[in-house]
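The values are calculated or read from the model by the stated rules, or taken from the named source; none is laboratory data. If you're wondering where the values come from, they're calculated on a predicted model, not measured in any experiment. Positions of Cβ are generated from backbone atoms using ideal geometry, with glycine treated the same way; all protein chains shown enter the neighbour counts. Surface areas here come from the heavy atoms of the whole protein model, side chains and all, with no ligands, DNA or RNA. Shrake-Rupley method; radii C 1.70, N 1.55, O 1.52, S 1.80 Å.
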Amino acid sequence: MRLFLRLLFRNRLAGFGAVVLGAIVLLALLTPILPLQPPNATDTANRFLRPLSAGHPLGTDHLGRDLLSRLLWGTRLSLAVGFAAALVAAVLGAAVGIVAGYAGGRTDNVTMRGIDMLMAFPYILLALAIVAALGPGLMNALIAVAVVNIPFFARNIRGVTVSLAHREFVDAARLSGLGHGRILLTEVLPNVVPVIVIAMSTTVGWMILETAGLSFLGLGSQPPRADLGSMLGEARGAMISAPHTSLVPGAMILLIVMSINLLGDGVRDALDPRLRSGALARPMAATAVDRDPPPPAQGEGLLRIDGLQTEFRMGARVGRAVGGVDLSLAPGECVGLIGESGSGKSVTALSVMGLVASPPGVITAGAVRLDGEDLLGASYGRLRALRGNRVAYIFQDPLSTLHPLYTVGEQLAEAIRVHHPVSRAEAHARAVKLLDDVRIPNAAERAGAYPHELSGGMRQRVGIAMALANDPDVIIADEPTTALDVTVQAQVLKLLHDLRRSRGLAILFITHDFGVVAQLCDRVAVMYAGRIVEEGPTEAVLNAPAHPYTARLIDCVPELGGGRRRLEAIPGLPPAVDDLPPGCAFAPRCAKAQAECRDGDIALAGRDGRRVRCLYPEPAARAAQ
Ligand code: ADP
Ligand code: MG
């Protein structure tokens with residue numbers, strides 16, 4: 001709740017709306033005890049008094065009634081009717097929507113066609129028809145406004161429910177033997193409540209306006225009782241001669257509707273979990289960079305990362321996901337980046353091309369150089385020209401990176417045409433060739449397939465083909481085989497290996513699996529809590545790990561045919577990125593940690609590309625050096 005309020009008030013306009021609406025509601029609630037004149041007492045001698053007259057701060061209307069008193073009583077009535085109508089519409093509409101969406105089939109069809117029929121009439125006409133049938137009166141106006149808004153809620157809620165009704169947690173509830181009623185109440189309803197609240201907060205303003213509209217036409221509140229609409233209606237005749245009689249209720253309607261809408265927008269944003277972690281803003285096209293002048297390049301390399309630091313700034317919390325990473329990639333080289341989940345591998349990879357979402361991500365130090373050109377300082381246009389063209393990515397889950405509504409051939413062709421002005425036919429021909437290159441059988445035919453028609457291994461091949469589309473120099477593969485079974489994984493790794501040989505690709509291969517690193521990579525860098533703790537040629541690191549963390553990681557890997565041995569799990573958990581310990585981040589989990597491990601920065605030291613960030617490296621590695 002506190003988080004909700006904080007988010008809400010971070011949006012200035014919503015805060016303003018909340019304050020104004022709060023004041024109005026408070027006034028309306030206090031109206032009966034305020035020292036006001038009776039709202040319906042006429043005094044024809046004092047008709048059309050101007051505002052600020054003695055005894056009548058807002059003046060009087062055509063019957064000499066006190067406008068301030070009528071305004072407050074009218075506001076009270078309008079708010080009550082508007083909120084009541086919204087509540088009725090939301091409850092009935094949501095009930096219809098949930099049942100229709102959950103039941104599906106014929107129930108859904110019949111109900112929704114009924115709702116469609118309601119929607120087929122312009123709603124003011126429909127409201128007028130309902131009031132005409134029921135007779136004028138505030139209660140009937142309330143019913144009319146509620147009824148015409150039911151379809152809006154029913155349609156919204158049905159849509160959400162349909163997508164929920166067959167989710168795994170609902171299936172699980174069904175399997176555990178819960179009845180439909182219980183499932184609706186305990187599984188589905190809590191998930192749609194935020195949607196209901198959002199829909200309500202954005203429509204209450206409308207409903208107040210609609211009720212006021214009916215009253216304005218004389219179909220709502222009946223004289224002498226005032227609501228805002230009927231006050232406007234009565235003032236219509238004197239619009240020119242005594243404008244204040246219309247301006248006073250008009251201004252109040254404006255204030256109410258405006259503050260409700262501002263507040264409604266804020267509530268919608270604050271309830272949307274996707275907007276929670278970041279500010280209430282859309283991510284920028286490239287990661288924000290806020291750094292001192294970049295450090296000089298520390299050597300050669302096609303792709304060099306020097307001292308890269310990437311943070312996530314979430315309000316007062318700062319998570320340093322990447323804390324000073326140095327890494328280089330020579331042409332044709334394959335470097336493995338290995339580490340536990342959450343160690344900052346993906347953020348490092350995404351920082352290279354400015355793909356970390358910003359906000360909350362900010363690159364705070366370092367440089368990324370491609371052929372000597374600093375990418376972090378590059379313009380967005382330059383980054384776009386390089387993305388996918390010279391540096392391409394392969395992601396873990398190809399189903400979520402492929403567009404579900406286009407065939408894979410079309411998507412490949414699009415990737416080509418972004419960077420090369422070729423004709424559609426030629427792009428298609430190249431796409432088929434690419435699919436063939438990644439060993440998809442029957443490539444010409446498969447190009448017409450949609451992502452969901454392919455198996456996981458096939459989709460990952462399409463992902464690789466997509467990365468190859470523009471003949472990049474560097475491919476960054478972020479756990480591309482983690483979602484695949486071992487046989488398919490072996491095929492994909494072999495494919496990457498062959499492609500690397502035939503095309504001279506440099507690959508940065510991110511994984512948490514030493515087996516994969518051993519098969520594919522020339523060098524490996526081990527990452528822990530946002531920093532590289534050990535680096536070296538694959539064989540050297542695997543045979544004689546120097547950092548205790550690497551040693552423990554390797555001990556976690558089961559070995560086939562290696563006989564029975566104890567599998568070691570590493571005790572404890574990696575530190576949270578917003579609360580990193582000083583000194584070695586691994587010290588709290590390390591059996592060998594000494595006092596000096598826990599304070600001061602420990603450098604990545606060593607020679608000949610074999611480096612380790614540890615004061616007490618493993619003896620096996622020391623002997624090998
Ligand atoms: P992995 O090594 O598993 O790829 P990541 O690089 O994805 O790990 O994440 C590193 C750290 O950064 C994690 O602790 C994660 O919680 C944090 N992080 C990643 N993305 C975001 C984000 N958009 N907002 C906040 N924190 C994030
Ligand atoms: Mg990752």
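Quick notes
- Between helix 105-119 and the chain: long-axis angle, C-alpha atoms, 0 to 90°, nearest 10: 50
- 0 to 90° range, to nearest 10: angle between helix 189-216 axis and the chain longest Cα axis: 30
- 17 Å reach of a label modelled at residue 241, 7 Å along Cα-to-Cβ, counting backbone N of the range 38-75: 43-51, 60-65
- Per-pair calculated FRET efficiency, R0 = 35 Å: residue 5 and residue 482 via Cβ, rounded to 0.05: 0.30
- Largest accessible area first, the listed residues 343, 241 line up as 241, 343 when surface is computed with a 1.4 Å probe on the assembled protein chains.
- Computed from the Kirkwood radius of its Cα pairs, the Stokes-Einstein diffusion coefficient for the range 1-149 at 20 °C and 1.002 mPa s stands at 112 µm²/s.
- Point-to-point label distance, residue 556-residue 162, nm (Cα→Cβ direction, 7 Å offset): 4.3
- Per residue, the accessible area of the chain comes to 48 Å² when a 1.4 Å probe rolls over the protein heavy atoms.
- Net charge dipole size for the range 450-495 [Lys, Arg +1 and Asp, Glu -1 on Cβ; Debye, nearest 20]: 160
- Ignoring aspartates and glutamates fewer than eight residues from residue 433 along the same chain, the ones with Cα atoms less than 20 angstrom from its Cα are 410, 414, 445, 453, 471, 473, 498.
- Ordered from highest to lowest accessible area with the whole protein assembly present and a 1.4 Å probe, 206, 73 read as 206, 73.
- Rounded to the nearest 20, the Cβ-based charge dipole of the range 182-309 about its Cα centre (Lys and Arg +1, Asp and Glu -1) stands at 260 debye.
- Percent accessible area from carbon and sulfur atoms, the chain, protein chains only, probe 1.4 Å: 61
- Relative packing of 175-184, 119-128, which averages over residues the other C-beta atoms within 10 Å, highest first: 119-128, 175-184
- Extension gain, residue 429 to residue 176: 0.36 nm times the residue separation minus the Cα-Cα distance gives 85.9 nm.
- Descending semi-axes in Å of the range 525-624, equivalent ellipsoid built from Cα gyration tensor: 22, 18, 12
- Entry for the range 189-236 at q = 0.16, 0.27 Å⁻¹: log10 I(q)/I(0) = -0.52, -0.85, Debye formula applied to identical alpha-carbon scatterers, no solvent contribution.
- Sequence of 152, 9 when ordered by accessible area, the most exposed leading, probe 1.4 angstrom: 9, 152
- Spacing of the two label points (7 Å from each Cα toward its C-beta) at residue 12 and residue 318, in nm: 2.5
- When the inverse distances between all different Cα atoms of the range 408-463 are averaged and flipped, the Kirkwood radius reads 11.1 angstrom.
- Given charges at Cβ of Lys, Arg, Asp, Glu: the range 525-624 dipole, positive-most of 536, 619, 571: 619
- Area of residue 174 that stays accessible when all protein chains are in place (1.4 Å probe, Å², to 10): 80
- For the range 439-453, Karplus couplings with θ = phi - 60° (6.51, -1.76, 1.60), whole Hz, Gly/Pro x: 6, 8, x, 6, 3, 4, 6, 5, 4, x, 8, 8, x, 6, 8
- When the P(r) of the chain is calculated, the portion above 47 Å amounts to 39% of the C-alpha pairs.
- Crossing angle, helix 123-134 versus the chain [Cα axis fit, 0-90 degrees, rounded to tens]: 40
- When the Cα atoms of the range 213-351 are aligned to their principal axes, the ranges along those axes come out at 86, 31, 30 Å in descending order.
- Of all lysines in the structure, those lying under 28 Å Cα to Cα from residue 345, and not within fewer than 8 positions of it along the same chain, are 494, 592.
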